[in-house]
Amino acid sequence: MFQMSHSMVDMTPHPQTWLKTTPSGLYCEPGGFYIDPLRPVERAVISHAHADHARPGHKAVLATEGTLAIMRTRMGTEAAGGAQQVLGYGERLRLGDVTITLHPAGHVLGSAQIAMEYQGARAIVSGDYKRQPDPTCAPFEVVPCDVFVTEATFGLPVFQHPEAEDEIGRLLASVAMFADRTHVVGCYALGKCQRLIAELRRAGYDKPIYLHGAHLPVCETYRALGVDLGELLLATVAAKSALKGAIVLAPPSAIADRWARRLEDPVVCMASGWMRIRQRAKAGGVELPLIISDHADWNGLLATIREVGAPEIWVTHGGEEALIHAATRLQIRARALRLIGYGDEDA
Amino acid sequence: MKAFAELLERLLFSPGRNTKIALLRAYFATRPDPERGYALAAIAGDLDFPGAKPATLRAMAEARTDPELFNLSYDFVGDLAETIPLIWPPAAPPRAVHDASPELPEIITALRTAKRDAIPDLVAGWLDASQTSTRIALIKLITGGGGLRVGASLRLAKLALAELGGVDVDEIEEVWHSLEPPYLDLFDWLEKRAPRPSPQDKPVFRPVMLAHPIETKDISDLDWSAHRAEWKWDGIRVQLVATPHGKRIYSRTADDISGSFPEILDAMTFHAVLDGELLVIRDNVVAPFSDLQQRLGRKTVSAAMLTAFPAGIRLYDILFEGEHDLRGLTFDERRQRLEAFCAREHPARMELSPLIKFEVHHELAALREGAREAAIEGLMIKRGDSPYLSGRPKGLWWKWKREPLSVDAVLMYAQRGHGKRSSYYSDYTFGVWNEVGELVPIGKAYSGYTDTELLYLDKWIRNHTTARFGPVREVEKELVFEVGFDAAQKSARHKSGVALRFPRILRIRTDKPAAEADQLESVKALIV
């Protein structure tokens, strides 16, 4: 635990007195900033660049270099924030009466847990995170704290993600088996797409990988930030014959839609933690479900709340009920933090 | 077990019927006896393990995890047979390098011979030794008494077997009910090591002839003088099979339902195969379908049930008379044989379904619309020269259903579906306004909407939930459905006093305020 909890009892104000839910999102009062606000605000600290956390139009934005770069790619330099300030992992910064540090969350490139220290207590808003290794971003860092705010996207014990390496193995086995067909993998443009590419490269796949046009810009940004992705080509301009036996990455909305008709007898694949529920994969018309997620699975969530050692957790979007139940059994105080609007992009 | 698990997984995710048949065929062609026979039995729903009931497995999984977490997970997944394998904690060390589950025949033997109280430990041991797909196959196998729900019907399996053996699928259908798992004689025949197993005089099921819905264009195009008309009764279609070696009542889908209707079985004192409609009939008046429902799916029938809901048959057709196969004759010829048969045998509890005389089809159209009698669904139109063929041949038989009635009702509760729709809110309870301005439920619908509408409804329900009761959500009383149904019937079970037959969603009326939905009084006025 961070500052011993008896000091919290004596004189330290409980984080619930200074971290407040507002219609715009979570507000840190003594620091004068919002965390991942849903509406344009004066001062925002952004955990990562997914659209449900990073919204356009804030006057001042504080985030990691990776997050700011991706925000600029996705929404344009101006909309990414009036004043953009980079804070590196582990650097300390004073905002108002609060000291803030950012720590890797392992979710996507640039993703950060936001740690806030105020009058002897430390609260961490972890944003979205995962505990599986990911070649495209820094691994989650365990930071002890008094209150840990956690997501619960996969907050049910049925969600146990297999190793990404094994799922990539299944994809490559299918590509070998159906050599005349195109494997089109539905995945989100930020994070999942680049991770899939990097995992394919790690597994020794060195052919060009084809992309839906929507996936290219963020890949370029990743490359500019030093992530090697190998040869990438646009599927839209490729000859149909070139796509035989190829792997194409596209947004989930495109894989079973008219866009996919340009592909050669496609095998529809989808990379998502939800693919663990077979009937859900089936209902989505997916032929090869790949359980690859950028969110912690059930065991990852439990391991994390144990490791950070916080006596209290606040649970945001997803399976709050189950995680609160499990935390309570571990003698950890737990409550739901009702924030609306998160969890709409990328699972 | 791994090969069987792999088959089930690939069947589930392969979209095309032909792909599924190819997968099944490859499996049957490459796996040894008796494994493939047991796999076939599992798909057929012919395996039953009385000692391993869903409740037992659920208790076993709850003991390994936590009852509360299990409940929440089951509510989310929507399928018990999937929840158990998914929630099963990873074996230590967490990453199972290989699948150490036993083979299918070994599992079946063990389940059949184990003492009831030893089964949870047995199954738990297998789950620990397996990877996820094998776990799912295992639980499906054990709980899937009525079929596996893996996206492959027994019919597809039979088509695959027909391909494997180079025989017509109807040849398999005709002997199917004389066979038993693991079907060694079937595979011997298909692989040319033995002659076709003979049904001899066993009371086997014969493939049923089905009708196409009639379209407006057909109505004007048909040569009506060549067609016969009869009522389409609202019961269940059955095949009565009586041979010197046994008697059976089969449903249209070849399920043996003899046990539920002992009085019909007793009345089958002849040797013939008849096609007819099973109904509840009192004093020669056919009761609504809801009465027949009381009799369906029962293993034993009490004397009180027999008196309160007496079953009878309206006969449509005759397939065999003694050992003579009449299926090659025309409908008109078979009809004559059927009439003569009835005049001679006078079978108890059965009578001919009358032919309806007509000169021009406009008369029929009027009859059909007028026929709001609860037990009539519409008309059947059959070509006089049609042989009795299996399946749904084109251009011979037509069904001409009544137009549905409809009511505007308000969505009240929603429940997650099962199978393909698990994790989507797809079952809707709807209600209408009573005289004191309260909504009262009048029915539940599971169909009629498109996939896009399902997504819309699922999202709407999640965003408008006011209360949760286990898997059921109560929603804000705002969304109006136009609900279609075939008939309104009096009901003692529903608080509203009315039950709808075949309710389905015709349209989502986002344009209509809930206050303008229908009144209970007007629904009751439709009761026949």
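The values are calculated or read from the model by the stated rules, or taken from the named source; none is laboratory data. Computed from a predicted structure; not experimentally measured. We place every Cβ from the backbone using ideal geometry, glycine too, and count neighbours over all the protein chains shown.
Restricting attention to the range B:1-16, the residues that are more than 14 Å from chain A (Cβ to nearest Cβ) and assigned to a helix (DSSP H, G or I) total 4. Just give me the residues in the range A:156-199 being among the hydrophobic types (A, V, I, L, M, F, W, C), assigned to a loop (DSSP other than H, G, I, E, B), in contact with a helix residue (DSSP H, G or I) (Cβ under 9 Å, 6 or more places away or on another chain) and away from chain B (no Cβ under 14 Å), in sequence order. Once the filter is applied, which keeps residues that are among the hydrophobic types (A, V, I, L, M, F, W, C), assigned to a loop (DSSP other than H, G, I, E, B), in contact with a helix residue (DSSP H, G or I) (Cβ under 9 Å, 6 or more places away or on another chain) and away from chain B (no Cβ under 14 Å), the range A:156-199 yields A:Cys187, A:Ala189, A:Leu190.
Taken over the range A:279-297, residues that are surrounded by 24 or more Cβ atoms within 10 Å (Cβ to Cβ) and farther than 19 Å from A:Ala254 by Cβ amount to 6.
The lone criterion from (1) without any contact (Cβ under 8 Å) to a residue 40 or more places away in the chain; (2) within 15 Å of A:His183 (Cβ to Cβ); (3) surrounded by 15 or more Cβ atoms within 10 Å (Cβ to Cβ) left unmet by A:Cys269 is number (1).
Only one entry of B:Leu86, B:Leu72 meets the criterion of being within 14 Å of chain A (Cβ to nearest Cβ), free of Cβ contacts under 8 Å to residues at least 12 places away in the same chain and buried (at least 17 other Cβ atoms within 10 Å of the Cβ), and that entry is B:Leu72. Please go through the range A:287-330 and pick out each residue that is at pLDDT below 95 and at positive phi. Residue satisfying the conditions is A:Gly318 alone. All told, B:Ala91 falls short of being within 17 Å of B:Val123 (Cβ to Cβ), loosely packed, with under 15 Cβ neighbours inside 10 Å and at pLDDT 90 or above. For A:Ala203, the conditions (1) within 30 Å of B:Pro89 (Cα to Cα); (2) of a type in the set (Gly, Ala, Ser); (3) within 14 Å of chain B (Cβ to nearest Cβ) all hold with the exception of (3). Pairs, please: C-beta under 7 Å, at least 6 apart or cross-chain, first residue touching a residue at least 40 places away in the same chain (Cβ under 8 Å) and in the range B:242-253, second surrounded by 13 or more Cβ atoms within 10 Å (Cβ to Cβ) and among the acidic types (Asp, Glu)? Going by the 7 Å Cβ cut-off, the qualifying pairs are B:Thr243/B:Asp201; B:Pro244/B:Asp201; B:His245/B:Asp201; B:Arg248/B:Asp256; B:Tyr250/B:Asp256. Once the range B:213-226 is narrowed to residues that are in contact (Cβ under 8 Å) with a residue 60 or more places away in the chain, in a helix (DSSP H, G or I) and out of contact with any helix residue (DSSP H, G or I) (no Cβ under 7 Å at 6 or more places or on another chain), the residue that is farthest from B:Ala44 (Cα to Cα) is B:Ala226.
A:Gly127 fulfils the conditions (1) at negative phi; (2) surrounded by 23 or more Cβ atoms within 10 Å (Cβ to Cβ) except for a single criterion, (1).
Entry remark, the range A:259-284: residues being closer than 28 Å to A:Asp128 by Cα and either facing chain B (nearest Cβ under 7 Å) or at pLDDT 80 or above (or both) number 16 in total. Scanning the range B:291-325 for residues that are aromatic (Phe, Trp, Tyr) and over 25 Å from the mean Cα position of the chain (by Cα) yields a single hit, B:Phe320. Scanning the range A:299-338 for residues that are within 13 Å of chain B (Cβ to nearest Cβ) and of a type in the set (Ser, Thr, Tyr) gives a single hit, A:Thr328.
If you go through the range A:236-258 and pick out every residue that is at pLDDT below 90 and either in a loop (DSSP other than H, G, I, E, B) or over 20 Å from A:Pro289 (Cβ atoms) (or both), you end up with 10. When residues in the range B:339-366 are screened for being closer than 21 Å to B:Val273 by Cβ, of a type outside the set (Asp, Glu) and out of contact with any Lys or Arg (no Cβ under 9 Å at 6 or more places or on another chain), 9 of them pass. Take A:Ser24 and decide whether it is modelled with pLDDT under 95 and more than 23 Å from the chain's Cα centre (by Cα). No. Can you go through B:Ala374, B:Ala409 and tell me which one is modelled with pLDDT under 85, surrounded by 20 or more Cβ atoms within 10 Å (Cβ to Cβ) and either more than 30 Å from B:Pro513 (Cα to Cα) or out of contact with any helix residue (DSSP H, G or I) (no Cβ under 8 Å at 6 or more places or on another chain) (or both)? The conditions single out B:Ala374.
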